[in-house]
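Some notes on the structure that comes next.
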């Protein structure tokens, strides 16, 4: 018989795959599973995925984790991509469109049309007007694809497929640009601006609590935990002090800093959003994004420069530096703090002596430089420098990237003991949903970092490298003026 203290199944449905963990409160992770997802990267900045592939990856990864654990679980929790959207029939659950992935840029013209309302939307929702967020893509679907059914973020569809419920959690709702950040409820004004006033919107629920039950993984179990991916990682990393932040290195990189029970509107190009809502109480955070990280590594692999992420360290370590090569990996545009999704990436300083190692090192520096710029923006908004960066995600396995990050930040970089922080975060709220009497401290294991990287170059050297990167970004901005 399963009790409220039993293991839970935590599922992280991400851009390029789904990871599932069976987490026991006493023994930690006792089973895991994974299933790949392959989005289609199309000309013109389009990124799509078959919704059925998302659902099958959730079911497959979850069943793998349960088989590996060999034990029943008390509940399941789900983390999601945040800004990926689709239209679907709420009566049958049938998708009416492909899922448009958060990286997709097709709604750029619609954002240009609404440019006069950018400041109003920032103040209302905490988010800048950009196709990255859900509402522009939702509006694009309504304008160009279909008026039928409902249009929502992908989590709503997945939850409906699993349980029949029609809900989203407050943190995911905060990624739509349709949420009133102060009231944590749908904004009629934002809905009207995007032409979505007639939409049937999901009910906004807390991160922890019963949503419904599912038999997708075997015997019937309750779904009791929901969070958007980056906020789940923020919780798992136990980032509560204003001088600390976490960064997840996945398809993109996402740096978040907790700001407490009051929302902040960034003055430095970041996003103010909901961290989570628990027992009706909302916590907020600042968020900065780098669009292409693991996706940039995959791009190098597709070109044949390396065979995959496992080559970053051996190939990059074959040379002492980038050999004068500078890589701005804006392969899907630049996000925070620039918000120029129209930009293209650049690689400069190439010569006949340039090797794959130089390109790998230049990519690591380009990723780390963008994260450093986001960290500086967060420090500006918080009014104090960061003291440490806690990191998670698959690419934290690269010692070269993590050392480069510490060097350019001039801060210690603490690598999470387990790279799957998102799944661990959703496991925590799933346990809370089962047993509301527990505290956050009781469900979030503090853990010790698996590695700590200290800066190995001087502050002057770091400033020089960041200066070169900023000059290349400035050149890109000068060549691609903002559309009128």
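Read-outs throughout are calculated quantities, based only on the coordinates presented, and are distinct from any laboratory measurement. No experiment lies behind these values; they were computed from the predicted model shown. As a convention, Cβ positions derive from the backbone with ideal geometry for all residues, glycine included, and neighbour counts pool all protein chains shown.
What FRET efficiency comes out for residue 281 versus residue 243 if R0 is 22 angstrom and r is the Cβ-Cβ distance? Round to the nearest 0.05. Could the numbers behind the result be given before it?
Values: r = 23 Å, r/R0 = 1.03.
It comes out at approximately 0.45.
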Q. In deg cm²/dmol and to the nearest 500, what is the mean residue ellipticity at 222 nm of the chain if only DSSP H runs of at least 4 residues count, each as -39500 (n - 2.57), divided by the residue total?
A. -10000 deg cm²/dmol
Q) Hey, what's the per residue convex hull volume over the C-alpha atoms of the chain, in cubic angstrom? A) 130 Å³
**Q.** Mean Cβ count within 10 Å, highest first, over the residues of peptides 435-444, 27-36
**A.** 27-36, 435-444
**Q.** Two-site FRET efficiency, residue 441 against residue 350, from Cβ-Cβ distance with R₀ of 41 Å, rounded to 0.05
**A.** 0.20
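Full-extension gain between residue 94 and residue 262, please, as 0.36 nm times their residue separation minus the C-alpha to C-alpha distance. If you can, show how the numbers build up before the last one.
On the way: separation 168, 0.36 × 168 = 60.48 nm, distance 3.88 nm.
Taking 0.36 nm per residue and subtracting the Cα distance, the gain is 56.6 nm.
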Q) Can you give the Rg to Rh ratio of the stretch 237-321, both from alpha-carbon atoms, with Rh computed by the Kirkwood formula? A) 1.15
Q: Rounded to whole Å and ordered largest first, report the semi-axes of the equivalent ellipsoid of the stretch 8-231 derived from its Cα gyration tensor (root of 5λ).
A: 31, 18, 15
**Q.** Calculated log₁₀ intensity ratio I(q)/I(0) where the Debye formula runs over C-alpha points of the stretch 269-378, q = 0.15, 0.20, 0.23 Å⁻¹
**A.** -0.69, -1.02, -1.21
Q: Determine which residues of the stretch 275-317 fall in the zone a paramagnetic label at residue 68 would reach in this model, i.e. backbone nitrogen under 20 Å from the point 7 Å along Cα→Cβ.
A: 309-310
Q. Cα centroids of the stretch 318-390 and the stretch 269-287: how far apart, whole angstrom?
A. 27 Å
Q) Relative contact order, percent, of the chain when contacts are C-alpha pairs under 8 Å separated by at least 6 residues? A) 15 percent
Q) Taking Cα centroids, how far is the stretch 1-79 from the stretch 158-196 in Å? A) 23 Å
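Residue separation times 0.36 nm, minus the C-alpha to C-alpha distance between residue 112 and residue 60: what's the value? Don't skip to the answer; put the middle values down first.
On the way: separation 52, 0.36 × 52 = 18.72 nm, distance 4.02 nm.
Result for the pair: 14.7 nm of gain on full extension.
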**Q.** Whole-number D in µm²/s for the stretch 338-407 (Stokes-Einstein; Kirkwood sum over Cα pairs; 10 °C, 1.306 mPa s)
**A.** 112 µm²/s
Q. Taking the simple approach of a point 7 Å from Cα along Cα-to-Cβ for both residue 40 and residue 459, what is their distance in nm?
A. 5.2 nm
